[in-house]
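S.K.: Sharing a structure below in structure tokens format, with a few things to ask.
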Amino acid sequence: MLVALHESGDPYRRTTGEVAGSVRAGVLTQHVDRLEGAGPVRRERDARDRLIVHLHLTATGMELTDRVAAVRSAVERELPADLPPTDQRRLAELLGVLGGR
């Protein structure tokens, strides 16, 4: 959910419906409750339709997603380091194919 908000770009806001995907409403509500309580997300009702709830990534959420992305990037560089160069290139090609889907 945090990644979806981050990837939405400035103002880092989406409706609960947009981030829900295949998650059941009750599960989503609990998840948002926990995130809002911890600080990375805040809820805001739509001014025109009070049934619509927007989720905003807060400064805390931005900081958290940036830290997670940095760790993920480091791990992705370290994991193939023990592979021979030809296998590293092949892995990069395969991951590029997956990323293009």
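What follows draws every value from the coordinates through simple rules; no lab data is involved. The structure displayed is predicted, hence computed values, not measured ones.
S.K.: Largest first and in whole Å, what are the equivalent-ellipsoid semi-axes of the chain based on the Cα gyration tensor, each being the root of 5 times an eigenvalue?
M.R.: Gyration-tensor ellipsoid for the chain: 35, 15, 12 Å.
S.K.: With viscosity set to 1.002 mPa s at 20 °C, what whole-number translational diffusion coefficient in µm²/s follows for the stretch 31-75 from Stokes-Einstein and a Kirkwood radius over Cα pairs?
M.R.: Translational diffusion coefficient: 183 µm²/s.
S.K.: Using Cα-Cα distances under 8 Å and only pairs 6 or more residues apart, what relative contact order does the stretch 2-99 have, in percent?
M.R.: Value for the stretch 2-99: 26 percent.
S.K.: Hey, another quick one. Take the chain, connect every pair of alpha-carbon atoms lying under 10 Å apart with a spring to form a Gaussian network, then pick out the residue of 77, 13, 67 with the largest mean-square fluctuation.
M.R.: Greatest mean-square fluctuation among the candidates belongs to 77.
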